[in-house]
Amino acid sequence: MVAFKGRSSMIQFMPLKPIKRGFKVWALADSQSGFLLNFDVYTGKTDGNVPYGLRENVVLSLTDTFKNKFYCIYFENFFTSIPLISTLLMKNDKKYMPGDIEYAQSKNISVMRWKEKVVKPNTLISNMHNASEYTMINRKNKKGEKIAVKCPVGISDYNKHIGGVD
């Protein structure tokens, strides 16, 4: 969100964001450097002649120049829309405990959910990770001691590479 208090038909209002009013800009950035690779200013609703929904179209248009170049694209759950994720979302009344892992796989698409210490579990959908693979990562316990905990490889990779954008 780019802050703006003037008049424009493209102004967006998002009360839960740190910058509440301004121009919404979709951005594709390098995860290591934060370097902006592509962007699009959201101008409001389209005429409805789009092949997918807003979220899918944003990702597809921003990554169009990377087509068939085998880059790994990380994005937040706002953009996730593959119906397979409903397998996990139907269980959202389940009480997750720290360390809990759930996953589902269908052909080359995998969905994984992992509960660390946060209130809600982390959910990831990937077309390059095996949902059943996990790695050990170091976390501090309540006493400040480092302990190894099990984490899905896809979520571990996401956490390593999202820093340049998040």
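The values are calculated or read from the model by the stated rules, or taken from the named source; none is laboratory data. Please read all numbers here as calculations on a predicted model, not as lab measurements. As a convention, Cβ positions derive from the backbone with ideal geometry for all residues, glycine included, and neighbour counts pool all protein chains shown. These area figures cover heavy atoms from the full protein model, side chains too; ligands, DNA and RNA do not enter into them. Shrake-Rupley method; radii C 1.70, N 1.55, O 1.52, S 1.80 Å.
The label point for Phe13 and the one for Met128, both projected 7 Å from the Cα toward the Cβ, are 4.0 nm apart. Sorted on the mean count of surrounding Cβ atoms within 10 Å across their residues, most packed first, peptides 12-22, 122-132, 138-148, 53-63 read 122-132, 53-63, 12-22, 138-148.
Compare Thr43, Thr135 by solvent-accessible area with a 1.4 Å probe and give them largest first, with all protein chains kept in place.
Thr43, Thr135
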